[in-house]
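To start, the structure itself, in structure tokens.
The values are calculated or read from the model by the stated rules, or taken from the named source; none is laboratory data. Being a predicted model, the structure only gives us computed values, none of them experimental. Note that we place each Cβ from the backbone using ideal geometry, even for glycine, and neighbour counts take in every protein chain shown. All accessible areas refer to the heavy atoms of the entire protein, side chains included, with ligands and DNA or RNA removed. Shrake-Rupley method; radii C 1.70, N 1.55, O 1.52, S 1.80 Å.
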Amino acid sequence: DQQVKQNSPSLSVQEGRISILNCDYTNSMFDYFLWYKKYPAEGPTFLISISSIKDKNEDGRFTVFLNKSAKHLSLHIVPSQPGDSAVYFCAARNNNDMRFGAGTRLTVKP
Amino acid sequence: DSGVTQTPKHLITATGQRVTLRCSPRSGDLSVYWYQQSLDQGLQFLIQYYNGEERAKGNILERFSAQQFPDLHSELNLSSLELGDSALYFCASSVGFGHTEAFFGQGTRLTVV
């Protein structure tokens, strides 16, 4: 069962603009959410996380928003840079289990 | 470089065979996680070891097993291989055991023919 969904397989934005990547989940028991970035031929790299008791976490150009009532998570990248072009996975933790979305391929055009 | 080393990088084997994938975690990390990324299933958590003990199990098949040795390196054993086991297998490590902020290796690409 797909407990974590990223409904947009791809997203293209212009350099300098905002990138918004979305993630929806179904399990209300998830207590921690993470975003990973993955370049081709490399393993995923941790980007940013948020606990379920918060609604926002910011780290430089990256901000994650959590809307628990909507079971919705989003990652904002401002401003977007060509080096941000990668596949982004959201992930959610429930106790010792971790579930991943299918990923969204972000392309930032110069 | 994440500091997590996986060997081999590529592996091609026949159906019915058994293979072992190896992972060396970052220095100081006690947790090792194994993940499978396949075309149809996406990225899936398989199993976690913390300081030598199995900590959590995800979607790991009974044909698969893992262990973590006293030096904290880990091995994932895949047996009776099927075509559908072809995937990228990632190992990750972290200091704690909560999946948080884990560092991933570059993966082992397994092709079963």
Original post:
Within segment A:35-58, is there a residue that is of a type in the set (Lys, Arg), under 21 Å from B:Ser38 (Cα atoms), in contact with an Asp or Glu (Cβ under 7 Å, 6 or more places away or on another chain) and within 10 Å of chain B (Cβ to nearest Cβ)?
Top reply: no
Original post:
With respect to B:Leu39, is the statement that it is over 14 Å from the mean Cα position of the chain (by Cα), surrounded by fewer than 16 Cβ atoms within 10 Å (Cβ to Cβ), within 14 Å of chain A (Cβ to nearest Cβ) and farther than 22 Å from A:Phe46 by Cβ true?
Top reply: yes
**OP:** Evaluate segment B:1-9: report whether one residue or more is in contact with a helix residue (DSSP H, G or I) (Cβ under 7 Å, 6 or more places away or on another chain) and in contact (Cβ under 8 Å) with a residue 12 or more places away in the chain.
**Re:** no
Original post:
Quick check: is even one residue across segment A:85-92 in a loop (DSSP other than H, G, I, E, B) and at pLDDT 95 or above?
Top reply: yes
Subject >> Hits in segment B:1-36 (condition: open to solvent by 60 Å² or more (accessible area, probe 1.4 Å), away from every other protein chain (no Cβ under 13 Å) and more than 14 Å from the chain's Cα centre (by Cα)) >> reply: B:Ile12, B:Thr15, B:Gln17, B:Arg18, B:Ser27
Original post:
Pick from segment A:36-83 the residues that are open to solvent by less than 30 Å² (accessible area, probe 1.4 Å) and over 22 Å from B:Ala92 (Cβ atoms): which of them is nearest to the chain's Cα centre (by Cα)?
Top reply: A:Ser74
